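Chemist: I have a structure here, written as structure tokens, and I will follow up with some questions on it.
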Amino acid sequence: MNVAPNNQIPNSQGLVKGMHEQEVEIAPGTLFDAEEMVINMGPQHPSTHGVLRVILKLDGETVRDLDCDIGYLHRGVEKIAEHDTYAMITPYWDRLDYVAAVSNDLCYVGGVEKLLGVEVPRRAEYLRVILTELQRIASHLLWLGTHAIDIGAVTVLLYAFREREEILKIFEDFIGARLTAHAFRIGGLWWDAYPEFDKRVRDFLKILPGRIDEYETLLNANRIWLSRTVGIGILPADEAINLSLTGPVLRGSGVNYDLRKAQPYSAYPEFDFEIPLGENGDTYDRYLVRMAEIRQSIRIIEQALDGLPEGPVMAKVPKVIKPPVGEVYFSIEAPKGEIGVYLVSDGTTKPYRMRIRPPAFINLQSLRRLSIGHLVADVVALIGTIDIVLGEVDR
Amino acid sequence: MMIDECGTERQSVLRSSIINSQFINHQFNMLGILTTLMFVAPEWVRRWTKEPRGNAFWAEFVLWPLIQILLVLFIVLTIVAYLVYLERKVSAFIQARLGPMRVGPWGLLQPAADGLKLLLKEDIIPLKADKAVFQIAPIISVVSALVVLAVIPWGAAWATIANINIGLLFVLAVSSVGVLGLVLAGWSSNSKYSLLGALRSSAQMVSYEIGMGLSIIGALMFARTLSMSGIIDAQQADGVWYVFFQPIGFLVYMVSALGETNRAPFDLPEAESELVAGYHTEYSGFRWALFFMAEYTGMIVTSAIAVTLFLGGWQFPGLNLITNKTVFAFVSIGVFAAKILVLIYLYMWFRWTWPRYRYDQLMDLGWKWMIPAGLANIVLTGIWYVLALPKSQGGLWGFMALKGDRLVPTKWGIAYFVATGFAVTIPIIWIVLASINRRSRDFNLHAQRQLQIKLRAERLQRHSEPAGESAS
Amino acid sequence: MSDEEKVTPPDPSGDQPQQSETSGEKSPQSAKTEASADKPAPPRAAPSDKPSPPKAAPAKKPSITSEIAGDPFIDKIKETFGLAITEAVQTLGQQILRVNRDRYLELCGFLHDNETARFDMCTDLTASHWPERSGQEFEVVLLLYSTPNNRRIRIKAPLADGEACPSVSGIWAGANWMERETFDMFGIKFDGHPDLRRILLPEDWPGHPLRKEYPIEYRDNEWTDKHIEYREVDYDTSLIDVKYGERK
Amino acid sequence: MPAVKTTIGRRTLGEVIKRLLLFDLFKGLFVTFSYNWRALYEKREGGNPNQAIYTEQYPLERPRVSERFRGAPRLNLDPETGQTLCIACDLCALACPVDCIEVGSIRREVREGEKVNKKKVLTTFVFDTSRCMFCNLCSEACPTDCLELTQSFELAVYHRSGFRWDREMLEKGIDYVRYAK
């Protein structure tokens, strides 16, 4: 048995120093001599949503301490970006948060457009909003399914995937790819909407609210679901802000911070929608917030479809993109939170430095704060509630 | 003593069925061949051993039971394989999928393919596992599940392997040995996930065993026998299935049975999202299949007990119209199987609908809800029973009458017991449970919510004080 | 058949960035080389200029950076910190303060606690490497956000190579992992960080990849030698079964 | 901004009774049972979101691949002459973020009517589909609509070397296996 040595002394923040080295050692003594058991959750584990490795220090089943080991998927996107031209970097952004590729693209092309001073045609902006909101729905549906399956409700996963599949089909017809979409180009879109786009999206939006009701029937009032989520991982607003959380995790704690309203980008100021906020900042509230966000996204898409202007979808952008010397930080509200790009340009065709502000990476560090004192089963629920995608955490 | 008793009972049953010569006319249809095998075979064996008719120990207690055992094992294990298929199909249909479709028409040969695959798979034993225990554990698990099949009254007359007079006790005793297999599997695997799963399962099964034991006592008060067929006969004599007398008992039994068989929403020992696969994480191939077999046999067994105790066993209104004994026996098996299947569908339906409880909540449910409910049910049932006794025996209303040598409720008595079961027992037990769990942390979500709001308000107050201390 | 058959072999991928860099900066030159037909043009540089409009020569665009003027809060910071604020500019409407390393932590505390500003969220913390700036090779970039005021500010603290930066993870707990990542990628040490370890790369990984001197083609190093087992694989060529046929 | 409504805060008598009768659990059971029931009798039509069963039985039912789908690469030929459209300009290789394209060309004299021009002519073209991330940047960069990502998506091969597509393969396309029942 791998047993934690007793001599690990938590430092000022309570983190176990040198967990990496020590947890593989086999300490002399039996299970019953040691006060705590160190257990590896991941990197191959059904509910770590990828190759996340969580090292848990357990007392019985209560989590005493926790450390996340990440980087198994590290590709060095920021380094690659320094060697690629601006247009070539976009596909890499698809592969960060690969369940919300369209949102990532919007962040990157938005950043470059801001640096270049390009004005994107209104039709393109509207189409971008439609696609990103569809992507938000898709991402939230995937989150819902995986979160539910973590808590044991398997069926919701399949239902959610069915609806997500419809979105992916719309993407495939529009963009040409389902997952890693490469949806946007600097200056607009490569493709205009296909003829039946409007009808397909509307058909889907007609089905979706009923389906969300179905998920909520299965989960919302279910006593097992409630007892698994209510009061689990409570995060007060001030702490959530201090931990730099963004997205539904922050809004579940009642902080009204949504970049679509706070610092509007693209065509968002033209739409009427609300930001759902939680009250108690527990797992259940974060679940409710996301479900409400899906409904708000439906509203936005309907408005965008109604007001979709005619015109070109691509601005006049030089083939060789050379932004002026300077730097920019541009961020959007991705499904996981605030995804941002910090671009430093030295006037050449390649960015001097590109920094991705990864929402899931930064949200993930709250896992330790959330989990300590809860049970192993709650850690699973909490990983789910943070909604991480390891492609983005590791970059 | 016991063996003698049931032996003579069996002989009398056999003799009577052999004297009944109807089946001989139907020898050439399938039914006939089967009945011939089951009834004449012991007779042949007797003649072959050339022993006097009254003293056929070998035939009576070894050979004939062996045939029965093999038959039941064959049928039950086939059913188990097809239960897996059923589970996959039911889950698929619930989840907007198709399920297995490729092996055979509608995937009907999938269980065979799965079995073959599992047999051919590499049998992996972890390097640091306790090898002997690792190998024995699944056997213990599956044997304890299969042994119980011996006393289950599959149908009328001859369809029970052993009709012993302590059948129910035997079931409870043997099925609780199954937990030993899980614990040993978890321990010997030398894996933390397995160990956690084993610890969970041992605690869970031990706790739910209590609830289960308490829940059946109410029904036993009416049946007044522990013999499985006796219970069914008692329900026939009383004229009503005990689920109507014992709604709470049935509910508690079903919940406990879910917990006992480690099915969702109580599948904590093998909660795949937390413990990968719990106690059988390190198992592969056919050893793993044995655990699977044990689980599904456990489902059959618990359902069979529920059917026997609460749902009238193999009885069904109108079944007595069948006069042919052989047909009656087979129809009764069919009825019993159908009832089991309905319960198993319930198991599957629950599993694919609800989320999973957390470990401590599961224990709370067992200890704070199921056991008090079972106890209260016993007390209340006792009170109703005593009140309904014949006036000559000190009862208040005399809703029961002596029929032969057993007390049977009259028509008013049936109405009285059903009414008390539903209209009085349920509210009283609910009040009892509510008062017990009023301050329960995990179940009183309202209180929990209020506490959070209070804590949050405190935090915000603290936060609104002039900042500065938070800066380093 | 012409005599001068010259197949231009495609370059290995590592070369490519350099090539297109030259195409960006020295496009007049490359245009000249293309014009002379005898000499083969550098394979990558020539075509990239073709589609670009004729005025390919990079006209110096007006700078997008300007001094901040008339912002009372920035003025107050300048007043408080005096010469420690070496630069206060805005780019595309985004305010940037450059502060000396010595008073970096103090400024952060001020921004966090100041009642009017209350930059309570550390949106991002990163760094950039400027090898040609001697003595200020690194720049820690801190992006702050104020939830009450919906306002952003960017703090930059220049550092010399090897110099440690004060940690702000005591002010914003969220900066913890960002600082770890910055340490991992740039090798910048953060004083007072509770748990400064590598986060994305393995503990014993050589080098810090986002430094400019770190090559992009860097697949096999001591770490891979030590941890990844190489095995010779005999390819079973019978498995190679590529069919040609009519497109369906 | 409206906060999310949380249904736990208040408890009316109705809610208590519903909870007593396990209403929340039965509601969920009803949803799943309705699916199960519909699955038994409804006509099956793969990929229809209104049907109770959504499964598309892939090898039996071919999926509908959209027109813009970015799948296997192809080098288009001139439909009249049968010659390649590629002018060996190398733009695709330059545009590729993962450098999976290698264009080989020679400079040779080509007779065009009266004139004899010196022109770059395509010799080899190698496309590494194992590295390709199907971003369409090469196809967008192509000035002659020669390189194109097509709708075929079954790119699995038995050996790594099968990912390296040469010019012949790119022009003719792979003969991928279609699975019969």
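Chemist: Looking at the stretch A:87-105, I want the residues that are within 11 Å of residue A:138 (Cβ to Cβ) and have a partner that is in a helix (DSSP H, G or I) and open to solvent by 10 Å² or more (accessible area, probe 1.4 Å) with Cβ atoms under 6 Å, at least 6 apart or on another chain. Which pairs are those?
Modeler: Listed by first residue and then by second, the contacts come to A:99/A:142.
Chemist: Then there's this: Restricting attention to helices (runs of 4 or more DSSP H) lying wholly within the stretch A:225-286, give those where 3 or more residues are surrounded by 24 or more Cβ atoms within 10 Å (Cβ to Cβ), touching a residue at least 40 places away in the same chain (Cβ under 8 Å) and at positive phi.
Modeler: In the stretch A:225-286, no matching helices (runs of 4 or more DSSP H) lie anywhere.
Chemist: Please enumerate the residues belonging to the stretch B:368-397 that are without any contact (Cβ under 8 Å) to a residue 60 or more places away in the chain, open to solvent by 30 Å² or more (accessible area, probe 1.4 Å) and in contact with a helix residue (DSSP H, G or I) (Cβ under 7 Å, 6 or more places away or on another chain).
Modeler: B:384, B:396, B:397, listed by residue number.
Chemist: Among (1) part of a loop (DSSP other than H, G, I, E, B); (2) in the same structural domain as residue B:348 (by TED's automatic domain parsing), there is one condition residue B:134 misses while meeting the rest; what is its number?
Modeler: Of the numbered conditions (1) part of a loop (DSSP other than H, G, I, E, B); (2) in the same structural domain as residue B:348 (by TED's automatic domain parsing), the odd one out for residue B:134 is (1).
Chemist: Are any of the residues in the stretch A:53-61 touching a strand residue (DSSP E or B) at 6+ places or on another chain (Cβ under 8 Å), away from chain D (no Cβ under 14 Å), in a helix (DSSP H, G or I) and surrounded by 19 or more Cβ atoms within 10 Å (Cβ to Cβ)?
Modeler: no
Chemist: When residue C:158 is evaluated against the numbered criteria (1) open to solvent by 10 Å² or more (accessible area, probe 1.4 Å); (2) in a strand (DSSP E or B); (3) farther than 19 Å from residue C:86 by Cα, which criterion, by number, is the only one it fails?
Modeler: If we test residue C:158 against (1) open to solvent by 10 Å² or more (accessible area, probe 1.4 Å); (2) in a strand (DSSP E or B); (3) farther than 19 Å from residue C:86 by Cα, just (3) comes out false.
Chemist: Next question, about the same structure. Given the residues A:339, A:383, which is the only one that is over 30 Å from residue C:128 (Cα atoms) and more than 10 Å from chain C (Cβ to nearest Cβ)?
Modeler: Numbers: A:339 fails: over 30 Å from residue C:128 (Cα atoms).
Residue meeting the stated conditions: A:383.
Chemist: If you go through the stretch B:89-122 one residue at a time, how many are surrounded by 19 or more Cβ atoms within 10 Å (Cβ to Cβ) and not in a loop (DSSP other than H, G, I, E, B)?
Modeler: So the count comes out to 8.
Chemist: Kindly list the number of the only condition in (1) modelled with pLDDT of 85 or more; (2) surrounded by 20 or more Cβ atoms within 10 Å (Cβ to Cβ) that fails for residue B:59.
Modeler: All conditions are met except number (1).
Chemist: Within the stretch A:193-210, how many residues turn out to be surrounded by 18 or more Cβ atoms within 10 Å (Cβ to Cβ), facing chain D (nearest Cβ under 10 Å) and not aromatic (Phe, Trp, Tyr)?
Modeler: So the answer is 1.
Chemist: How many residues does the stretch A:224-253 hold that are aliphatic (A, V, I, L, M), under 26 Å from residue A:297 (Cβ atoms) and away from chain C (no Cβ under 14 Å)? Working first, answer last.
Modeler: So in the stretch A:224-253, the residues aliphatic (A, V, I, L, M) come out as A:224, A:226, A:230, A:232, A:234-235, A:237, A:240-241, A:243, A:245, A:249-250.
Next, from what is left, pick out any that are under 26 Å from residue A:297 (Cβ atoms): A:226, A:230, A:232, A:235, A:237, A:240-241, A:243, A:245, A:249-250.
Pick out the ones that are also away from chain C (no Cβ under 14 Å) and you get A:226, A:230, A:232.
Total satisfying the criteria: 3.
Chemist: Going through D:105, D:139 one at a time, which residue ends up being crowded, with 19+ Cβ neighbours inside 10 Å and out of contact with any helix residue (DSSP H, G or I) (no Cβ under 9 Å at 6 or more places or on another chain)?
Modeler: So the residue among D:105, D:139 that is crowded, with 19+ Cβ neighbours inside 10 Å and out of contact with any helix residue (DSSP H, G or I) (no Cβ under 9 Å at 6 or more places or on another chain) is D:105.
Chemist: Sticking with this one: For residue D:39, only one of the following conditions fails: (1) in a helix (DSSP H, G or I); (2) facing chain B (nearest Cβ under 7 Å); (3) without any contact (Cβ under 8 Å) to a residue 12 or more places away in the chain. What is its number?
Modeler: (3)
Chemist: Looking at residue D:120, is it at pLDDT 80 or above and more than 28 Å from residue D:162 (Cβ to Cβ)?
Modeler: Spelling it out, residue D:120 is indeed at pLDDT 80 or above and more than 28 Å from residue D:162 (Cβ to Cβ).
Chemist: Can you tell me how many residues in the stretch B:357-399 are within 30 Å of residue B:196 (Cβ to Cβ) and out of contact with any strand residue (DSSP E or B) (no Cβ under 7 Å at 6 or more places or on another chain)?
Modeler: 15
Chemist: Another question, then. List pairs: first residue in the stretch C:195-216 and over 20 Å from residue C:139 (Cβ atoms) and facing another protein chain (nearest Cβ under 10 Å), second residue among the aromatic types (Phe, Trp, Tyr) and surrounded by fewer than 17 Cβ atoms within 10 Å (Cβ to Cβ) anywhere in the structure, Cβ distance under 6 angstrom, at least six positions apart or on different chains.
Modeler: Cβ pairs passing all conditions: C:205/C:223.
Chemist: Could you give me the residue pairs with C-beta distances under 7 Å whose first residue belongs to the stretch A:322-342 and is at positive phi, whose second residue is of a type in the set (Val, Ile, Thr) and surrounded by fewer than 24 Cβ atoms within 10 Å (Cβ to Cβ) wherever it lies, and which are 6+ apart or on separate chains?
Modeler: Listed by first residue and then by second, the contacts come to A:326/C:64; A:326/C:65; A:326/C:91.
Chemist: Name the single residue that is nearest to the other protein chains (Cβ to nearest Cβ) among those in the stretch C:63-75 being surrounded by fewer than 16 Cβ atoms within 10 Å (Cβ to Cβ) and within 18 Å of residue C:145 (Cα to Cα).
Modeler: Once the filter is applied, the top-ranked residue is C:71.
Chemist: Now for a different question. Can you list the helices (runs of 4 or more DSSP H) found entirely within the stretch D:72-181 that contain at least 3 residues being within 12 Å of chain C (Cβ to nearest Cβ)?
Modeler: D:91-95, D:167-172
Chemist: For the stretch C:50-91, give me the residue count where each residue is in a loop (DSSP other than H, G, I, E, B) and modelled with pLDDT of 80 or more.
Modeler: Count: 0.
The values are calculated or read from the model by the stated rules, or taken from the named source; none is laboratory data. Everything numeric here is computed off the predicted structure, so don't read it as measured data. Backbone-built Cβ (ideal geometry, glycine too); neighbour counts: all protein chains shown. With ligands, DNA and RNA removed, areas are computed over all heavy atoms of the protein, side chains included. Shrake-Rupley method; radii C 1.70, N 1.55, O 1.52, S 1.80 Å.
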